[in-house]
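Please read the structure below before turning to the comments.
The values are calculated or read from the model by the stated rules, or taken from the named source; none is laboratory data. Owing to the predicted nature of the structure, the values given are computational and were not obtained by experimental measurement. Cβ sites come from the backbone with ideal geometry, for glycine too, and all protein chains shown count toward neighbours.
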Amino acid sequence: MNKFKILLFSLLIINLIIAFVFVKTPLKENGDMSSYLEAMNFLQKKPYTEDFMINRVLNVPLMLYSSMFFGYFASSNQTGMMIVNLIFYFLIVCVFYRIVELIYQSRKVALLASILFFANYCMFSYGTTYRVDMGGWFFFLLTTLFAIKYYQSQLQDKKYFLYAILAAAIGILFKEYGALGMISLGLLILFSQISFKDKIKKILQAAGLFIIIPGLYYLFFYLKFNYSYFNWYFQIANLYIANPDAPASNYNIVLLIKVLGWLFLAGWPIFLWGVYQQWKDYDKKRIICLAALLPASLTFLAWPALTQRIAFIFVPWLVLIASFGLSKIKNRYIVIIVILIYASINYLTRPWLLSMINL
């Protein structure tokens, strides 16, 4: 293990300690936790409340079963959920580190990007806590990693093509985000140097293979419960769009600026510096990768509710740009200060603001 990875894992552990001991947001029992616990009770044929939400079993079955598996040994499904998220916490940073390393061919940029990524408040407010987002985020990035490897092999190494599809097919059953990497796979195929006919053929093949696993599960679920993903989506749409009093229902440019502003907060100046450095040090292959990854990162705009938890899928892409800019600063002490300011704002300011503005 090289010094970059040793430092990275040390910082990952320190980040957890700060989040759990000082920030304390991750260990609070709030949000959607109770509905997922009710879903696990339903699957285990234990008593559950009348307001049990069947969509939880539809959307995140693998997260539920994984939590139940670890919960069996921990004697608590709630603890099992936390264990699963902690596992994904370490895995997702490893995957993201590798993505950045592939794009920039630099361990330094990969290390800086990983720090900006895991120090973002969403990682400990919505990730390493009693929620189910982390699994979807992980498989989104894992699919993206395999898609980049496939593209960089000039579409010759088919195993990465299949790995990407399998990761997305499994990931969507952890959380919807898990399938988003398929968008990046399709765009990277389109940007490749093969004939247009072969591009379309490969994209259709990927879509066909991807739909097998979730398609079979959704068909089984519909036949058993007469409930589909369309039912769930339109329920959410009615809840957030038709109801003007619902949180995040006023979907407009002001709310978008507000959500994105707080989402990356102290990272935005670093991002703008990164954009400038990308322009100065233009590299066509790198720009192609970044362009191919952007649409998947913006799909949060299609969801009926605009919240920072949903918008977090945009953060990895922002970090890709910001970390490159940070790597161009020659003075390492300035870099350290910038990172400390970024992390401190996430640790100290953001949890307080979250309770104040209720986003």
With the structure loaded, tell me whether residue 258 is among the charged types (D, E, K, R), under 25 Å from the mean Cα position of the chain (by Cα) and modelled with pLDDT of 85 or more or whether it fails that test. yes
Residues of segment 77-97 being farther than 20 Å from residue 144 by Cα, of a type in the set (A, V, I, L, M) and in contact with a helix residue (DSSP H, G or I) (Cβ under 6 Å, 6 or more places away or on another chain), in sequence order, are 81, 83, 84
Note on segment 201-219: residues farther than 17 Å from residue 173 by Cα and either touching a strand residue (DSSP E or B) at 6+ places or on another chain (Cβ under 6 Å) or hydrophobic (A, V, I, L, M, F, W, C) (or both) are 203, 204, 206
Residue count, segment 49-76, condition touching a helix residue (DSSP H, G or I) at 6+ places or on another chain (Cβ under 6 Å) and not in a loop (DSSP other than H, G, I, E, B), comes to 12
Scanning segment 295-324 for residues that are more than 21 Å from residue 94 (Cβ to Cβ) and out of contact with any helix residue (DSSP H, G or I) (no Cβ under 6 Å at 6 or more places or on another chain) gives 298, 299, 301, 302, 307
Apart from one, (1) under 26 Å from residue 97 (Cβ atoms); (2) of a type in the set (Val, Ile, Thr); (3) in contact (Cβ under 8 Å) with a residue 12 or more places away in the chain all hold for residue 54; the odd one out is (1)
Given the conditions (1) over 16 Å from residue 225 (Cβ atoms); (2) surrounded by fewer than 17 Cβ atoms within 10 Å (Cβ to Cβ); (3) of a type outside the set (Phe, Trp, Tyr), every one holds for residue 11 apart from (2)
Out of (1) under 13 Å from the mean Cα position of the chain (by Cα); (2) at pLDDT below 95, the one residue 92 does not meet is (2)
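Could you tell me which of the residues 28, 46, 24 is on the phi > 0 side of the Ramachandran plot and either modelled with pLDDT of 90 or more or not acidic (Asp, Glu) (or both)?
Values: 28 fails: on the phi > 0 side of the Ramachandran plot; 46 fails: on the phi > 0 side of the Ramachandran plot.
Within the list 28, 46, 24, the selection yields 24.
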Within segment 212-226, the count of residues that are within 21 Å of residue 180 (Cα to Cα) and either charged (D, E, K, R) or buried (at least 16 other Cβ atoms within 10 Å of the Cβ) (or both) comes to 4
Considering segment 163-210, residues that are among the β-branched types (Val, Ile, Thr) and crowded, with 16+ Cβ neighbours inside 10 Å, and then whichever is nearest to residue 56 (Cα to Cα), we arrive at 172
Considering segment 85-133, residues that are outside any helix (DSSP H, G or I) and hydrophobic (A, V, I, L, M, F, W, C), and then whichever is surrounded by the most Cβ atoms within 10 Å (Cβ to Cβ), we arrive at 132
### Message
I'd like to check something: does segment 300-309 contain any residue that is touching a residue at least 40 places away in the same chain (Cβ under 8 Å), of a type in the set (A, V, I, L, M), in a loop (DSSP other than H, G, I, E, B) and out of contact with any strand residue (DSSP E or B) (no Cβ under 6 Å at 6 or more places or on another chain)?
### Response
yes
The condition of being within 29 Å of residue 110 (Cα to Cα) and surrounded by fewer than 20 Cβ atoms within 10 Å (Cβ to Cβ) holds, among 73, 20, only for 20
Matching residues in segment 9-62 (touching a Lys or Arg at 6+ places or on another chain (Cβ under 8 Å) and among the polar types (S, T, N, Q)) number 2
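Filter segment 191-210 for residues that are of a type in the set (A, V, I, L, M, F, W, C), without any contact (Cβ under 8 Å) to a residue 40 or more places away in the chain and in a helix (DSSP H, G or I); which is farthest from residue 176 (Cα to Cα)?
Just the residues of segment 191-210 that are of a type in the set (A, V, I, L, M, F, W, C), to begin with: 191, 194, 196, 200, 203-204, 206-207, 209-210.
Those still in the list that are without any contact (Cβ under 8 Å) to a residue 40 or more places away in the chain too: 194, 196, 200, 203-204, 207.
Adding the requirement that they be in a helix (DSSP H, G or I) leaves 196, 200, 203-204, 207.
Working: 196: 29, 200: 24, 203: 20, 204: 20, 207: 16 Å.
Per the stated criteria, the residue is 196.
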Residue 124 fails exactly one of (1) under 13 Å from the mean Cα position of the chain (by Cα); (2) modelled with pLDDT of 95 or more, namely (2)
Residues in segment 1-39 that are farther than 22 Å from residue 119 by Cβ and over 23 Å from the mean Cα position of the chain (by Cα) total 1
Filtering segment 134-171 down to residues that are of a type in the set (Gly, Ala, Ser) and in a helix (DSSP H, G or I) yields 135, 136, 147, 164, 167, 168, 169, 171
